[in-house]
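See below for the structure under consideration.
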Amino acid sequence: MQDFLVIDHVSKSFGALRAVDAVSLSIMQGEVFSLLGPSGCGKTTLLRMLAGFERPDSGRILLKGADITDLPPEKRPVNTVFQNYALFPHLSVSENIAFGLQMKRRSKPEIRSAVERMIALVRMEEHATKNPAQLSGGQKQRVAIARALINEPQVLLLDEPLAALDLKLRQHMLTELTALQREVGTTFVYVTHDQGEALSLSHRIAVMNQGRVEQLASPATLYESPANAFVAGFIGDANFFRGVVQEILPGGHVRVEIEGLGHPHVTGSPTLKIGEAVRVMIRPENLHLSAQCPAATEPANSFPALVDEVIYFGPHQRLRLRASALIVHAQQNRQDQSLLFKVGTSLRVSFDPKVARIVSE
Ligand SMILES: Nc1ncnc2c1ncn2[C@@H]1O[C@H](COP(=O)(O)OP(=O)(O)OP(=O)(O)O)[C@@H](O)[C@H]1O
Ligand SMILES: [Mg+2]
């Protein structure tokens, strides 16, 4: 596929602060691409440069090969949906949606049919004559999306569009947004600090930290093979253990000494050196828990632990375990009624070498 929207070494500073630091990204046509990262990492600043509201200090932005870095916002085939809806309060739903085409002086019949199509697309038929004040948050956000899409932008920029909604509505809107994007096929650049939103919506995600991209990958790759400790810790929950490389094994495995856990086999690159200090990451759900078994049968990737705390989470329970001086977080499916561990229980923890990964700092 041809590169569609290219961000080429783009930087932007505010005084001494480098809000966006030499970011390069290539976004495909029709892709749902997310910028994910903690508050203040530069997501909105990068999005505003794509929209044309902010000028990069250096670097270029290309759309279909054409340099749009210096194009004003209204000249770009790009529309933005913000967190706070930004609807005109005195105009009805229909009039809000029609606004962009009226500005372009399209004919009345053309506007009417486009507005009807958009209202049907975002399922607002029953609310077309209402004013924004009469709408719920989710309905307002649907209007904001329709108002942007009526311009048939080549790229739709969305900056935390669901942040003001409650959890249930957010989940509902996520499903709707996915369906909507599939229907219109418009390229979406979606900004969020919510990993759940990014993971469920995106084809690819750029994880940002302090103005830089830490990793660019599919949701599954980010979760299963995080490039470093920041990404591993930001997306999902993770146990981190400090260890020392003891032996490089065949098949991409490494034997590591972790105080309190013994000498497990983990996944790591063959460039590691014996004696090197490393960090090993294991997701709580990848730890297998079983009732205590005799120490003699103990495989390398198994250690005894004591249940310190149990936290109820609806469909599953979270366990805080103690293994010597280490705290280990694990998870149990509550359907597994036969084996729901309680505080004070001794148990055995084991894990597959492929779910224990050495991550760089
Ligand atoms: N106009 C501005 N003037 C000065 N500093 C700014 C300006 N806009 C943003 N910043 C700073 O640049 C950094 C990046 O801001 P940005 O709004 O891009 O972050 P963000 O990732 O969108 O965060 P959030 O998730 O909180 O919206 C922050 O430290 C912010 O304070
Ligand atoms: Mg922001």
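The values are calculated or read from the model by the stated rules, or taken from the named source; none is laboratory data. All values reported here derive from a predicted model rather than from experimental measurement. Cβ atoms come from the backbone with ideal geometry, glycine included; neighbour counts cover every protein chain shown.
Summary of computed values
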| item | result |
| --- | --- |
| Cross-chain or 6+ apart pairs with Cβ under 8 Å, segment 38-52 first and over 10 Å from A19 (Cβ atoms) and in the same structural domain as R76 (by TED's automatic domain parsing), then near ligand 1 (Cβ under 7 Å from one of its atoms) and at pLDDT below 95 | P38/H193; S39/H193 |
| Residue check for E257: without any contact (Cβ under 8 Å) to a residue 60 or more places away in the chain, on the phi < 0 side of the Ramachandran plot and in a strand (DSSP E or B) | yes |
| Helices (runs of 4 or more DSSP H) contained in segment 112-201 and holding at least 1 residues among the acidic types (D, E), within 16 Å of ligand 2 (Cβ to nearest atom) and in the same structural domain as S94 (by TED's automatic domain parsing) | 195-201 |
| Number of positions in segment 70-114 that are of a type in the set (A, V, I, L, M) and closer than 25 Å to L165 by Cα | 8 |
| Members of segment 1-60 found to be crowded, with 20+ Cβ neighbours inside 10 Å, away from ligand 1 (no atom under 12 Å from the Cβ) and of a type in the set (V, I, T), listed by number | I7, V10, I27, V32 |
| From L347, L272, residue being surrounded by 12 or more Cβ atoms within 10 Å (Cβ to Cβ) and either in a strand (DSSP E or B) or modelled with pLDDT of 95 or more (or both) | L347 |
| Residue ID - farthest from ligand 1 (Cβ to nearest atom), chosen from residues in segment 216-240 that are aromatic (F, W, Y) and surrounded by fewer than 19 Cβ atoms within 10 Å (Cβ to Cβ) | F240 |
| Checklist (1) modelled with pLDDT under 90; (2) in contact with a Lys or Arg (Cβ under 7 Å, 6 or more places away or on another chain) applied to L339, failing item | (2) |
| Per-region count, segment 61-99, residues within 16 Å of ligand 1 (Cβ to nearest atom) and hydrophobic (A, V, I, L, M, F, W, C) | 4 |
| Unique match (being without any contact (Cβ under 8 Å) to a residue 40 or more places away in the chain and surrounded by 14 or more Cβ atoms within 10 Å (Cβ to Cβ)) among A66, A128, A120 | A128 |
| Selected residue [of a type in the set (V, I, T), farther than 18 Å from S34 by Cα and buried (at least 20 other Cβ atoms within 10 Å of the Cβ)] from V143, V155, V213, V207 | V143 |
| The listed residue being surrounded by fewer than 17 Cβ atoms within 10 Å (Cβ to Cβ) and aliphatic (A, V, I, L, M), out of L101, L91 | L91 |
| Residue match in segment 52-68 (condition: under 27 Å from E197 (Cβ atoms), in a loop (DSSP other than H, G, I, E, B) and of a type in the set (D, E)) | yes |
| Answer residue from segment 35-80, given it is more than 23 Å from V213 (Cα to Cα) and in contact with a Leu (Cβ under 8 Å, 6 or more places away or on another chain) and is nearest to ligand 2 (Cβ to nearest atom) among those | N79 |
